[in-house]
Amino acid sequence: MAKSVTCSAPVNIAVIKYWGKRDEELVLPVNSSLSATLHQNELRATTTVSRCESFDKDRMWLNGREQSIDNPRLQACLREIRKIAENGRANEHIHICSVNNFPTAAGLASSAAGYACLVFSLAKLFEIEGDTSTLARQGSGSACRSMYGGFVRWNKGSSLDGSDSCAVQIVSHNHWPELEVLILVVNDQAKGTSSTVGMRRSVETSELLKHRAEAIVPPRLAKLEKAIQEKDFNTFGLLTMQESNQFHAVCLDTYPPIVYMSEISRQIVNIVTCYNDYHKTIKAAYTFDAGPNAVVYVQSGDIPEFLALVKHFFPPSDSTDSFIRGRSTSTGDTPQIEELLRRMASQLRVPGALRYIIHTAVGPGPQVLDPENSLLGPSGLPKTQFLL
Ligand code: DP6
């Protein structure tokens with residue numbers, strides 16, 4: 001009889017970026033990082049893991065297709081879990097089936113949610129207690145931060161075996177309920193340099209990366225944590241944007257340079273900057289990862305106005321598709337943005353520049369789901385609706 005567990009896990013977006021490994025094998029970073037876990041209502045990975053003596057090998061299905069189990073990162077997670085699990089179960093093979101509820105084409109980091117979900121599920125399957133973020137880290141560095149909800153710090157740690165390079169929660173998702181998140185999914189998802197390859201090149205060639213890891217990140221992290229504790233949006237927003245800018249500066253300081261932001265990304269930066277200038281305080285804060293999409297933090301009261309502005313400059317090209325997805329935004333009143341638009345008269349309007357906007361918030365960590373959510377049937381193979 002197979003034993004199965006099904007769990008879901010969230011995506012996280014770094015405010016202080018992880019960029020560079022000091023140990024590639026163990027996935028140990030050159031600096032500590034800090035992220036917000038996003039709500040699973042909008043973005044999540046769901047994984048079923050099953051173990052049974054009658055399975056003749058380990059197998060894995062991802063988004064409806066069987067994948068090779070030989071991926072070294074996946075193997076590292078399985079090996080480490082098996083090491084900790086009781087010896088008697090070592091002879092059982094594992095079946096893994098995982099789906100994301102958001103399109104991979106959206107260019108949103110899916111590996112963090114995927115590996116967090118895998119490790120969290122396996123830990124439940126083998127009844128492993130305690131922190132397993134050090135295991136998720138070996139799947140994908142940023143995955144360790146998806147093991148908790150709210151705001152999460154990944155300590156770089158100092159031990160050679162990586163045992164202290166783990167994630168810790170700073171505050172839970174209930175701490176700052178006014179903080180909301182808009183993901184502006186840009187329409188041209190050109191295939192860029194992967195994070196793994198990009199950060200390796202930065203470690204090898206960027207002087208700025210070294211300086212940043214040693215001198216800039218530690219005090220910035222402390223300031224940011226204080227801002228989060230105090231719900232000080234002004235400081236939080238400023239540090240978030242400066243940090244994003246510096247990450248992309250490191251990418252440009254890399255040789256050959258890496259460019260993740262597009263022309264539309266730069267226009268989003270301009271819009272946010274003009275918006276904040278107009279209000280003479282920080283009301284919106286952008287951050288960009290290894291791609292052109294923007295993640296913008298906005299407090300709930302300012303969401304309608306900011307969304308009206310974004311929709312003005314980047315109206316959808318196709319009115320049939322739902323342009324704003326996720327949390328409901330209808331407040332009744334249409335925000336008055338005429339004066340704001342007058343001040344931004346030189347900003348270009350680009351219909352169709354955004355594929356869509358995901359409206360979400362900071363959310364909780366991984367969850368164990370009821371057995372009826374299982375992606376695997378009783379035979380240990382994916383249910384037909386989870387196969388392509
Ligand atoms: C820009 O965690 O995807 O999103 O450890 O090589 O799998 P690997 O890299 P990954 O890198 C994430 C980079 C980032 C910043 C961040 O999430 O901190």
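If you take the residues of segment 1-33 that are outside any loop (DSSP other than H, G, I, E, B) and under 11 Å from the mean Cα position of the chain (by Cα), which of them is nearest to Ala116 (Cα to Cα)? The residue in question is Ala9.
Thr384 passes every criterion in (1) over 21 Å from the mean Cα position of the chain (by Cα); (2) open to solvent by less than 60 Å² (accessible area, probe 1.4 Å) apart from (2). When Met261 is tested against (1) open to solvent by 30 Å² or more (accessible area, probe 1.4 Å); (2) more than 18 Å from the chain's Cα centre (by Cα); (3) hydrophobic (A, V, I, L, M, F, W, C); (4) under 27 Å from Val362 (Cα atoms), exactly one condition is not met: (2). Being closer than 30 Å to Ile324 by Cβ and in contact with a Gly (Cβ under 9 Å, 6 or more places away or on another chain) holds for only one residue in Ala116, Ala76, and it is Ala116.
If you go through segment 172-199 and keep only what is within 16 Å of the ligand (Cβ to nearest atom) and of a type in the set (Ser, Thr, Tyr), you end up with Thr193, Ser194, Ser195, Thr196. Exactly one residue out of Val49, Val30 is within 30 Å of His211 (Cβ to Cβ) and of a type in the set (A, V, I, L, M): that is Val30. Taking (1) within 11 Å of the ligand (Cβ to nearest atom); (2) in contact (Cβ under 8 Å) with a residue 40 or more places away in the chain; (3) open to solvent by 20 Å² or more (accessible area, probe 1.4 Å) in turn, Ser111 satisfies each apart from (2). Give the residue that is most open to solvent (accessible area, probe 1.4 Å), with candidates limited to residues of segment 135-164 that are under 27 Å from Thr235 (Cβ atoms) and part of a loop (DSSP other than H, G, I, E, B). Ranking the qualifying residues of segment 135-164, first place goes to Lys156. When Ser202 is tested against the conditions (1) exposed (fewer than 12 other Cβ atoms within 10 Å of the Cβ); (2) within 16 Å of the ligand (Cβ to nearest atom); (3) closer than 16 Å to Arg22 by Cβ, the lone failure is (1).
For Glu24, the criteria (1) within 11 Å of the ligand (Cβ to nearest atom); (2) buried (at least 20 other Cβ atoms within 10 Å of the Cβ); (3) of a type in the set (Asp, Glu) hold in every case but one, which is (2). Entry remark, segment 114-146: residues being within 13 Å of the ligand (Cβ to nearest atom) and in contact with an Asp or Glu (Cβ under 7 Å, 6 or more places away or on another chain) number 1 in total.
Could you give me the residue pairs with C-beta distances under 6 Å whose first residue belongs to segment 298-315 and is free of Cβ contacts under 8 Å to residues at least 24 places away in the same chain, whose second residue is open to solvent by 10 Å² or more (accessible area, probe 1.4 Å) wherever it lies, and which are 6+ apart or on separate chains? Listed pairs, sorted by first residue: Asp302/Lys283. Can we say Leu182 is of a type in the set (A, V, I, L, M) and open to solvent by 40 Å² or more (accessible area, probe 1.4 Å)? When the stated conditions are applied, Leu182 does not pass them.
Mind checking whether some residue in segment 120-134 is open to solvent by 30 Å² or more (accessible area, probe 1.4 Å) and over 23 Å from the mean Cα position of the chain (by Cα)? Yes: segment 120-134 contains one or more residues that are open to solvent by 30 Å² or more (accessible area, probe 1.4 Å) and over 23 Å from the mean Cα position of the chain (by Cα). Kindly indicate whether Pro351 is touching a residue at least 12 places away in the same chain (Cβ under 8 Å) and outside any loop (DSSP other than H, G, I, E, B). Against the criterion (touching a residue at least 12 places away in the same chain (Cβ under 8 Å) and outside any loop (DSSP other than H, G, I, E, B)), Pro351 does not qualify.
The values are calculated or read from the model by the stated rules, or taken from the named source; none is laboratory data. Everything numeric in this text was worked out from a predicted model, so none of it was measured. All Cβ positions, even for glycine, are placed from backbone atoms using ideal geometry, and neighbour counts span all protein chains on display. For accessibility, only protein heavy atoms count, side chains too; no ligands or nucleic acids. Shrake-Rupley method; radii C 1.70, N 1.55, O 1.52, S 1.80 Å.
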